[in-house]
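Throughout, read-outs are computed from the coordinates displayed, never taken from laboratory work. Every value quoted in this text rests on a predicted model; they were computed, and no experiment measured them. Every residue, glycine among them, receives a Cβ derived from its backbone with ideal geometry; neighbour counts consider all protein chains shown.
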Amino acid sequence: MSAIHQQSVIQDNCQLVAKTLTCERGSRILFENLEFSLSSGQAMIIQGSNGAGKTSLLRIITGLSQPVGGIISWNQQNIEKIAEEFQKQLLYIGHLAAVKTELTVRENLQLLKRFWPSDTEGSIADLADSIGLHQRLSVSCSRLSAGQLRRVSLARLFISTQKLWILDEPLMALDVDFIGVVEKCLQNHLKSRGMAILTTHRGIDLGEQASFIFDL
């Protein structure tokens, strides 16, 4: 058994640009006139206090939520006008595990490979090895710890061919060893000219790749 080798991203240069974004929750403005630009090979780390609007911003970037004002463009086109094309380039992993706890680890990974197909070679056992759960394949996910559930959710990183990764607290509940695995995965993605936007309450090592902090 061997871990899956991470898929390389092979694409032309891409750019994601936000202009004058404004977001409200109820009658409260979370942020306004927010702007940023992200290019191939770059990562943006969003930081801010609880309730500052970090998850709201990620959802707007993915197209799952709409801003009160402003636009987001992908390669100079409004993402609302190219929604299908944009979604094909996007991998979004939220802060919830998004794992079917009534199924086993094996069954969850089988669903993952069915709904997120890629050119990456490797068996379910190989994918389980990549996330350090090869000895737990037959275990119901209802019996996993929070950190193990997070590993199942993050398995998508090892087979993703999407250009833009958007990750909400990807290191949450993980132990030190697997944090290093996720960091290496992100570093390889950026080296392959991929892009990443993530939130985190702790430091993260993205290597020598271009990254910047965005404070809300």
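Brief remarks follow.
- Region 20-68 and region 158-216 have Cα centres lying 18 Å from one another.
- Cβ-Cβ FRET estimate between Arg114 and Asn50, R0 fixed at 25 Å, reported to 0.05: 0.10
- In the chain, lysine pairs with alpha-carbon atoms under 25 angstrom apart (chain gap of 8 or more, or interchain): 20
- Length added when fully stretched, Arg25-Arg143, from 0.36 nm per residue minus Cα-Cα: 38.9 nm
- Cα-based shape type of region 157-216, given that a ≥ b ≥ c are square roots of the gyration tensor eigenvalues and the cut on a/c is 1.5: rounded
- Net charge dipole size for region 89-216 [Lys, Arg +1 and Asp, Glu -1 on Cβ; Debye, nearest 20]: 320
- Rounded to the nearest 20 debye, the dipole size of the chain about its Cα centre is 380 debye, using +1 on the Cβ of Lys and Arg and -1 on the Cβ of Asp and Glu.
- Dipole of region 24-157 [Lys/Arg +1, Asp/Glu -1 at C-beta], most positive-end residue of Ser142, Gln89, Leu57: Ser142
- Backbone N within region 10-54 under 20 Å of label point (7 Å from Ile71 Cα along the Cβ vector): 14-24, 32-39
- Region 1-113: C-alpha gyration tensor shape, a/c 1.5 cut-off, then a/b vs b/c: oblate
- Annotation: the residues Thr55, Thr161, Thr101, sorted from fewest to most other C-beta atoms within 10 Å of their own C-beta, follow the order Thr101, Thr55, Thr161.
- Sorted fewest first by neighbouring Cβ atoms within 10 angstrom, Phe212, Phe178 come out as Phe212, Phe178.
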